[in-house]
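What follows draws every value from the coordinates through simple rules; no lab data is involved. Every value quoted in this text rests on a predicted model; they were computed, and no experiment measured them. Don't worry about glycine lacking a Cβ; one is built from the backbone with ideal geometry, like all the others, and counts go over all protein chains shown.
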Amino acid sequence: MKSQLRLRRERMLPEPGDVVVSPGQEVSPVQVVARTHRPTRFRIVPASELWHISPDEVVEYLQVSEGTAVQQGDVLLQKKQLLGKKTLESPIEGTFFGVNHGRLIFQQYEWFELRALVNARVVNAIPKRGIVLEIVGTQIQGVWGSGKEGYGRLKMRATAETNPLLKDEISDVEGAIVVAAVVNNLDILRHLQQEGASGLIVGSLTANVHTKAASIGLPIIITDGVGTQGMARSVFDLLRDHEGHDVALFARKPDYWGNRPEIIISHDAAGGASDTPGAYHPPVVGQRVRILRAPYQSQVGEIIHLYQHLRGTELGMKAHGADVKLADGSVIFVPYANLDTIV
Amino acid sequence: MTERETTPPTRPESYLIAECGNTYTTVLLFDVVDGCYRLIGRSTAPTTIITPWSNLAEGIQEAITRLADATGRRLISNKKLVTPARDDSSGVDHFIFIVSAAAPLNTILVGLSEDVSLTSARRALHTVYANEVDTFGLADSRNEEEQVAAIIAHKPDLIFLTGGTDGGADQRLANFARTVSLGVNMLMGAKQVSVLYAGNIKLREQIKQIMGEIVPLHVAANVRPNLQTEQLDDAAQMIGEVYEKLKIRELPGIHIIREWSQYAPLPTARAFASIVQYFAAMQPSGARVLGLEVGTESVVLVSATADQADLTIRSDLGMGRPISNLLKHSKASAIARWTAEQIDDETVRDYIYNKALHPQTMAMSESDLHLEQAIVRELIRTAVCDTPLDWQIADPSPAPFRMLLLRGLAFNTMPRLGQVVATVLDALQPTGIFGIALDELGVLPALGALSALEPMAAVQTLESKVLTDLGWVVVPVGRGQSGQKVLHVSIESEDQQTQYEGDVEFGTLEVFFLNKGRSKVTLKPERRFDIGLGPGKGTTIHVSSGRVGLVVDARGRPLQLPQDEIARRSLIRQWYFDMGG
């Protein structure tokens, strides 16, 4: 969690295409920055089977070349016969990909437009692939994302950091990124989508909702975990303080390489910003941390002592860790593995 | 990148071995002390293949720096390894890199019969860190367009095509090959996919023609040349080569490490399998040794005799990100049955999905700890039950073994060693008499790698007690009533200072603490009970004390848990305390 920072983020096309903005240009969240023809589905026309000819003969009678756009009814194969011509017409439209063992392969495409999702300045353009944006804003890393992206105005629909979101609390959310503490019912996600929400930031989803959340099609970022624990107080307060701001959800699913989903709240660049700190922050005394495991899960505290050597936990395990002072003044030893730093 | 001298070493050579796991990187220094190889020191640091580092060399450099600080031996200078060793005792002669942190090989299996070719293909695939992302077989109801779409969607690293017995004339495999060829061709430019063919030898040329010149095709011996024979070695070796090329060599920062070493990187599980086989070679003729690793990203099983090591890597199971896959195999209630607390299914599922999101975290409450250990039990059971041919069993018990070697974060984070033993007894439900050792220091893969280069170094290091000896287990098998006498045990310490005699009753789990040094243990089972030597046949064994002691598991096989919830919880609690809490 980092506030009022100057961040750089790549926005890349899934397939090579056209970049339509230039370095130095200011972009808005809805602005298209690059576009491409993205393959959607392909179709197979079993030509040699239909004409009872060998795969080699298919090539002999072929009337289209690779990369050609074909309309339904266009002639694909043509063979001269004693009495006129025999033709095979295309039953579909698409781009002719090639011949594969006597079968004609067609690829169908759709336009894909990549939007900026944030107020930012283009600092680099990578031909055919995408751009690098410089954003002034607040970044919050999540622990899970639904695999979608979204943009909207931040709208709090949680009054406390552990309250489950109720159906009757979902109104006036069209185009908004909704903030909830807990969602424990899949119908709530469906209802959010029906009401036109652009995305959801949630402290925790219960397991039954989590397993199906990606199939709903809504951009969702979980900030804390799975269960009913809700949202860490510090994250909750930060989001509440930014209600009404533009927010972007980059709700990528966590991958093998440790990339996590992130929430970026755009700020006015005129307000000034500090540069992004180095990528890795070894824990230091005085640092604010969030605890990841029960019975202290989602509690925020401050590191007051770092241990150089392995130390026994309350349960008797040995771990590298730190003493953390919690909000109620109590001090506990927490393994580093159970801490998330707040920068 | 390496600080080198030109003078060749003339003394015994030293070895620095780095094992890069998913969570931690361990480095171990082996050198000669008083004429014998010893583990001089070890240190760990977080593995740094993931963001924000994206460079595995950083973690290794950090671990070496810590090791240098701890041993006072200069091993690294300006992030470069000091090699070979110098006369002032700085540096090291050899550097070996072992790794399990590379991403699994995403593979689509294509075969004809689920029970024959696909089963064998899966076994070959499980000899590397791999994920089976899809399966095409005769039972697949998808049409060709849908199967090609699946190839495009999965963007696999490897498509493993097999099926048919040698000499058969089944053209269905050729049809599958056309589908594969089309899918791979359509991914050209976006992803290069390797194809391995290990099916009917008669179709080889046709498969080569179908794949054409563009598709990278590897050909191996048919995994099922006939219905009665299975030959996996050739295919397994090729899959291993593909894994090394696509996954290990592509690790971020590996080029730095490769410059330090003349040896190819070795997958951790293979190194582990080597040392398990080494232990098997030390056992009486034909005796089996079982190796079990439960890590963050995989579960590894090795069943070895002196002649052969069967390796099974389950990258879809583990205590980290893959943990949620457990729910595909086990119900939440099946996991919760191993805890003494009343835990509802939703709590189990919440816990598992949370752990997948925070894979490196450790339990901080008793209830979490018990649930985590319950999960370990079901993970092991799932891995063992799913590998029937490797383990030559039809029931969820492995073939009898003489020794059990354990490693992995799941065991190393258990607060008490009795919990480690209890976990594997419940999960494996083994039989007979065997010893258990735990690799707390993480030395076994390193010794596996070392045994191939400098066998004496591995032998001498093992003699220096680098493993934690947990003790011995005796499991009598037979039907009985609760309270019925099963086994008479007499224990006499080597110095004859202490003696014990007593009976073990059916349904109990007894732990006998042994005096330091060796003890003579005489076991006399009742007529209807078998400790692996035949019904009623006893034996005398000479055993070392072990940190847990001698465990007699007379609970019966398979373990029966009471249906009544209160009785079940009471019994689990009793077993928990029997093993030391």
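Things to note:
- Put the Cα centre of segment B:405-471 next to the Cα centre of segment A:287-328 and the gap is 30 Å.
- Shielding by partners for peptide B:345-357, expressed as the average number of C-beta atoms from other protein chains within 10 Å of each residue's C-beta, is 6.
- Neighbour-count order for A:THR68, B:THR268, fewest beta carbons within 10 angstrom listed first: A:THR68, B:THR268
- Global geometry of chain B, whether rounded, prolate or oblate, following the gyration tensor of its Cα atoms and the 1.5 cut on a/c: oblate
- Per-residue shielding of A:100-110, expressed as the average number of other chain Cβ atoms within 10 Å of the residue Cβ, stands at 3.
- Once the Cα gyration tensor of the protein assembly as shown is diagonalised, semi-axes √(5λ) in Å: 49, 38, 30
- J(HN,Hα) series, segment A:78-93, from Karplus relation 6.51 cos²θ - 1.76 cosθ + 1.60, nearest Hz, glycine and proline x: 9, 9, 6, 10, 4, 10, x, 10, 9, 10, 10, 9, 6, x, 9, 10
- Looking at segment A:96-195, the GluC sites (Glu not before Pro) that sit in a DSSP loop and have at most 13 other Cβ atoms within 10 Å of their own Cβ are A:GLU174.
- Of the residues B:ARG288, A:ARG153, the one with the fewest other Cβ atoms within 10 Å heads the list, and the complete ranking is A:ARG153, B:ARG288.
- Where Rh is the Kirkwood radius over Cα pairs, Rg/Rh for segment A:98-163: 1.18
- The eigenvalues of the Cα gyration tensor, multiplied by 5 and square-rooted, give segment A:38-110 an equivalent ellipsoid with semi-axes of 22, 13, 9 Å from largest to smallest.
- Computed per residue of chain B from DSSP H runs no shorter than four, each worth -39500 (n - 2.57), the mean residue ellipticity at 222 nm is -9500 deg cm²/dmol.
- Among the chymotrypsin sites (Phe, Trp or Tyr not before Pro) within segment B:504-566, those in coil by DSSP and having at most 16 neighbouring Cβ atoms inside 10 Å are B:PHE513.
- For segment B:182-234 versus segment B:162-179, the inter-centroid distance based on Cα atoms is 10 Å.
- Segment A:301-343: C-alpha gyration tensor shape, a/c 1.5 cut-off, then a/b vs b/c: prolate
- Fewest-first ranking of B:TYR37, A:TYR307, using other Cβ atoms within 10 Å as the exposure measure: A:TYR307, B:TYR37
- Projecting the alpha carbon convex hull of chain A along each direction and taking the average yields 24.2 nm².
- Taking the empirical scaling 2.2 N^0.38 Å for compact globular proteins as reference, segment B:104-168 has a Cα radius of gyration ratio of 1.09.
- Along the axis of the charge dipole computed for segment B:264-362 (Cβ charges of +1 for Lys and Arg, -1 for Asp and Glu, origin at the Cα centre), the listed residues B:THR305, B:LEU357, B:HIS329 are led at the positive end by B:THR305.
- Taking GluC sites (Glu not before Pro) as exposed when DSSP calls them loop and at most 12 other C-beta atoms lie within 10 angstrom, chain B has its longest site-free stretch at B:251-581.
- In Hz, Karplus ³J(HN,Hα) per residue of segment B:234-240 (6.51, -1.76, 1.60; θ = phi - 60°; x = Gly, Pro): 5, 5, 4, 5, 5, 4, x
- Cα gyration tensor shape of segment B:447-581, rounded if a/c is under 1.5, else prolate or oblate by comparing a/b with b/c: prolate
- Averaging Cα coordinates gives a centre for segment A:7-52 and one for segment B:81-113; these two points are 38 Å apart.
- Simple Cβ-charge dipole of chain A, Lys/Arg +1 and Asp/Glu -1, about Cα centre, in debye nearest 20: 520 debye
- Across A:LYS128/A:LYS148; A:LYS80/B:LYS191; B:LYS331/B:LYS524; A:LYS325/B:LYS355; B:LYS245/B:LYS465; A:LYS325/B:LYS331, pairs whose alpha-carbon gap is larger than 30 Å: A:LYS80/B:LYS191; B:LYS331/B:LYS524; B:LYS245/B:LYS465; A:LYS325/B:LYS331
- Per the Debye calculation on segment A:130-198 with a single equal scatterer at every Cα and no solvent contribution, log₁₀ I(q)/I(0) for q = 0.15, 0.16 Å⁻¹ amounts to -0.56, -0.63.
- Compactness check for segment B:1-123: Cα Rg over 2.2 N^0.38 Å is 1.41.
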